[in-house]
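Visitor: The structure under discussion is supplied below as structure tokens; questions concerning it will follow.
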Amino acid sequence: MTERFTGSFTQQEPIPDDAIAAANAVMRHGRLHRYNTVEGEVAETALLEEEFATLVGAKYCLAVASGGYAMTTALRACGVGHGDKVLTNAFTLAPVPGAIAAVGAEPVFVGVTEDLVIDLDHLAAKLDQAQALLLSHMRGHICDMERLMALCDTAGVAVIEDCAHTMGAAWNGVPSGRWGRFGCYSTQTYKHINSGEGGLLICDGAEDMARAIMLSGSYMLFEKHRAAPPPETFAQIKYETPNISGRMDNLRAAILRPQLKRLAEQAERWNARYRVLESGLAGTPGLRLTDRPDAEQFVASSFQFLLLDWTPEAVADVLGRCAARGVELKWFGGSEPVGFTSRYDSWRYAASQPMPASDRVLAGVIDMRLPLTFSLEDCALIARIIRSEVGAVYQGQVAAE
Ligand SMILES: *Cc1c(COP(=O)(O)O)cnc(C)c1O
């Protein structure tokens, strides 16, 4: 009998009961706006910022409306503006070059390796072209951060980390988001904590955070922030910084705080699922798994493998066969952007040079979500399905040669 998978790749776990209770409390008192507090009250949003800063060991934290907003705010706070060039990953998702375009700057794309991290040799060759790097830890793959920071520090290039897929992850024990000048996180439904939409921004620079807080739309209420620099830091900045509203509200923060407490536990559950898939797919002819170095403490909320140097027809065949058995795979090699996937050359508002080595990798990247609603048995079943369909198509290809 042919096995089929019947689960949903887009179904996350429900919001936990304590988070629902906290959200209800906010709705009952009605003070959803972060600056709407009564005497002695500390807003949920301010508490979330304080707790997240403590969790990652950052001095300052700001909760905002989305991960994309966190990135544009970081770029603006670094002084990036109209006509500037910003280095970024060729392998990432649309909100990343979109954040660069939002501040009027232009993305300069840096290639991807077979292990799905930024190509540091390619980066080194391009460092003289920009003042900032918006580094996307795409799908949770973390590059050699010591080498990246050494390169960027020497070149005077500011690093802003896009940690949409690395909340809770680390490189050599240092949390993702703590290497660069800013770390940006998303709390959108498909990320590691879920408030529908939302974002967090961290940094250690007092003036950087003062600018970010003013940008986010704090009016003159910055003293209500806790994970923030002292009021003196705002003395000039409050006059010079435009308000580009993008605050988080207390309802979202209330839902996120209990989830944050469980982040480490959830990360273990994700990684257990990842390991089942990885071992189920190991040694499949024609399929390449990505190497995960010991220094990389990842949180595997998704899974990738490569069908390197396969024809587009054969890749499409695998995708179709897996889909027929309930396994929804995404392909970054498609010529048209579909769903959440797109490629650097589909963002036609941004000029790009062809990158043959990266194109070869992108043409083979297969991507899959790993929601925690999947059991370990589900993951084993998914691996068996992929293994058999990749095997069938691969054997057909070899036979045809
Ligand atoms: C989701 C995502 C973002 C931005 O998050 P939003 O909260 O949706 O704006 C940034 N980078 C990557 C790689 C993402 O997947």
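The values are calculated or read from the model by the stated rules, or taken from the named source; none is laboratory data. In this text, all values refer to a predicted model and were calculated from it rather than measured experimentally. Here the Cβ is made from the backbone with ideal geometry for all residues, glycine too, and neighbour counts use every protein chain on show. SASA here: full protein model, heavy atoms, side chains in, ligands and nucleic acids out. Shrake-Rupley method; radii C 1.70, N 1.55, O 1.52, S 1.80 Å.
Visitor: Any residue in the stretch 335-360 that's open to solvent by less than 70 Å² (accessible area, probe 1.4 Å): show its pairings with residues that are among the basic types (Lys, Arg) at Cβ separation under 6 Å, as long as the two are six or more apart or on different chains.
Guide: THR341/LYS330
Visitor: Among the listed residues VAL80, VAL110, VAL96, VAL117, which satisfies the condition of being within 16 Å of the ligand (Cβ to nearest atom) and more than 14 Å from the chain's Cα centre (by Cα)?
Guide: Answer to the check: VAL110.
Visitor: Related question: Pull out all pairs, ordered by first then second residue, where Cβ-Cβ is under 7 Å, the residues are six or more apart or on different chains, the first lies in the stretch 270-290 and is open to solvent by 30 Å² or more (accessible area, probe 1.4 Å), and the second is modelled with pLDDT under 95 and not in a loop (DSSP other than H, G, I, E, B).
Guide: Matching pairs, first to second residue: PRO285/TYR394.
Visitor: Can you name the number of the only condition in (1) over 15 Å from LEU62 (Cβ atoms); (2) within 16 Å of the ligand (Cβ to nearest atom); (3) outside any helix (DSSP H, G or I); (4) open to solvent by 30 Å² or more (accessible area, probe 1.4 Å) that ILE255 fails?
Guide: (3)
Visitor: Give the residue that is nearest to the ligand (Cβ to nearest atom), with candidates limited to residues of the stretch 175-223 that are surrounded by fewer than 17 Cβ atoms within 10 Å (Cβ to Cβ) and not in a loop (DSSP other than H, G, I, E, B).
Guide: GLU207
Visitor: If you don't mind, there's one more thing I want to ask. Could you run through the stretch 119-137 and say how many residues are open to solvent by less than 20 Å² (accessible area, probe 1.4 Å) and in contact with a helix residue (DSSP H, G or I) (Cβ under 8 Å, 6 or more places away or on another chain)?
Guide: 8
Visitor: Enumerate the strands (runs of 3 or more DSSP E) found wholly within the stretch 1-118, keeping only those where 2 or more residues are more than 20 Å from LEU260 (Cβ to Cβ) and open to solvent by less than 40 Å² (accessible area, probe 1.4 Å).
Guide: Values: elements: 60-64, 85-89, 106-110.
By residue number, 85-89, 106-110.
Visitor: Restricting attention to the stretch 293-302, does a residue exist that is open to solvent by 30 Å² or more (accessible area, probe 1.4 Å) and either touching a helix residue (DSSP H, G or I) at 6+ places or on another chain (Cβ under 6 Å) or among the aliphatic types (A, V, I, L, M) (or both)?
Guide: Within the stretch 293-302, the subset open to solvent by 30 Å² or more (accessible area, probe 1.4 Å) is 293-294, 297.
Now drop any that are not either touching a helix residue (DSSP H, G or I) at 6+ places or on another chain (Cβ under 6 Å) or among the aliphatic types (A, V, I, L, M) (or both), which leaves none.
No, the stretch 293-302 contains no residue that is open to solvent by 30 Å² or more (accessible area, probe 1.4 Å) and either touching a helix residue (DSSP H, G or I) at 6+ places or on another chain (Cβ under 6 Å) or among the aliphatic types (A, V, I, L, M) (or both).
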